[in-house]
Amino acid sequence: MSYAIPLPAITTVPVVGGDPFPVRRIYCVGRNYAAHAREMGHDPNREPPFFFMKPADAIVPTDSAVPYPSKTNDYQHEIELVVALGQGGRDVPVEQALALVFGYAVGLDMTRRDMQAEAKKLARPWDMSKGFDQSAPCAPLLPAAQFADAGQAAIWLKVNGELRQQGNLSDLIWSVAETISYLSGLVELFPGDLIYTGTPDGVAAVVKGDHLQGHVDGLPDLNITIA
């Protein structure tokens, strides 16, 4: 079959000991740690999970230089556990949700915070504050069978060696299984989907030259530099 223009490149994430993982969609969970919800001025006990999206080609591999984006003076980090789906489904029961998971990785939800704050104030969408170019750095995926601590592992982020964010996956308001189940009631999930599961408190701005190291116990680290 021929096309009117060349086919876009397929975005992939490396897999530890395996073939690259092709990315279909990136879903992100908002305010899924209680302390982060509070630091953003919200009550975590009053709302169900909500989601926003990033384009698949926003993925950036580890050890990359990430350009400081345009149209912002407040470029912030959000360290997250990333869940990669190897199977899909709709209206998936919580007790069956983890069977969909292919693997896990460390990711960053990079955010134009000033642009997001303005969008919130004007009741406008977040798209350009969250879904911009190179806004989804992601470390290599570890197959799910090799990650025993998906519900109980330390997560942290250091900037230039200084600890900025710290938490535990047990602090998630909505667990990985609950998140997958809830999301599958909103959209049909497919193999290749990634879910960024939310960030602990301590989000803050970065500047050009900063080195970010993201970590979840048991997973490959994520390292990027702000160019």
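The values are calculated or read from the model by the stated rules, or taken from the named source; none is laboratory data. Note that this is a predicted model, so its numbers are computed, not measured. Ideal geometry is used to build each Cβ from the backbone, glycine not excepted, and the neighbour counts take in all protein chains shown. We work out accessible area using only protein heavy atoms, side chains counted, and drop any ligands, DNA or RNA first. Shrake-Rupley method; radii C 1.70, N 1.55, O 1.52, S 1.80 Å.
Scan region 185-212 for residues that are assigned to a strand (DSSP E or B) and either open to solvent by 10 Å² or more (accessible area, probe 1.4 Å) or hydrophobic (A, V, I, L, M, F, W, C) (or both) and report the count.
Residues of region 185-212 assigned to a strand (DSSP E or B): 189, 194-196, 205, 211-212.
So of that shortlist, the ones also either open to solvent by 10 Å² or more (accessible area, probe 1.4 Å) or hydrophobic (A, V, I, L, M, F, W, C) (or both) come out as 189, 194-195, 205, 211-212.
Counting residues in region 185-212 that are assigned to a strand (DSSP E or B) and either open to solvent by 10 Å² or more (accessible area, probe 1.4 Å) or hydrophobic (A, V, I, L, M, F, W, C) (or both) gives 6.
Say we look at region 161-184 and pick out the residues that are open to solvent by 40 Å² or more (accessible area, probe 1.4 Å), farther than 18 Å from Leu85 by Cβ and outside any helix (DSSP H, G or I); which of these is modelled with the lowest pLDDT? Taking the candidates together, the pick is Ile173.
The residues of region 177-215 that are within 15 Å of Val101 (Cα to Cα), over 14 Å from the mean Cα position of the chain (by Cα) and not small (Gly, Ala, Ser), listed by number, are Glu178, Tyr182, Leu183, Glu188, Leu189, Phe190, Pro191. Restrict the check to region 110-126 and report whether at least one residue is under 28 Å from Val16 (Cα atoms) and part of a strand (DSSP E or B). Among the residues of region 110-126, at least one is under 28 Å from Val16 (Cα atoms) and part of a strand (DSSP E or B), which makes the answer yes.
Taking region 115-134 as the search range and keeping residues that are out of contact with any strand residue (DSSP E or B) (no Cβ under 6 Å at 6 or more places or on another chain) and closer than 11 Å to Pro69 by Cβ, which one is surrounded by the most Cβ atoms within 10 Å (Cβ to Cβ)?
Our first condition is that a residue be out of contact with any strand residue (DSSP E or B) (no Cβ under 6 Å at 6 or more places or on another chain); within region 115-134, this holds for 115-125, 127-128, 132-133.
Retained after the next criterion (residues that are closer than 11 Å to Pro69 by Cβ): 115, 128, 132-133.
Working: Met115: 22, Met128: 16, Phe132: 20, Asp133: 13.
For region 115-134, the residue satisfying everything is Met115.
Residues that are closer than 16 Å to Gln87 by Cα, under 11 Å from the mean Cα position of the chain (by Cα) and among the hydrophobic types (A, V, I, L, M, F, W, C) within region 17-32 comprise just one, Ile26. Only one entry in Gly214, Gly202 is at positive phi and of a type outside the set (A, V, I, L, M, F, W, C), namely Gly202.
Of these, Gly218, Gly151, which one is over 15 Å from the mean Cα position of the chain (by Cα), modelled with pLDDT under 95 and open to solvent by 40 Å² or more (accessible area, probe 1.4 Å)? Steps first, please.
Details: Gly218 fails: modelled with pLDDT under 95.
Being over 15 Å from the mean Cα position of the chain (by Cα), modelled with pLDDT under 95 and open to solvent by 40 Å² or more (accessible area, probe 1.4 Å) holds for just one of Gly218, Gly151, which is Gly151.
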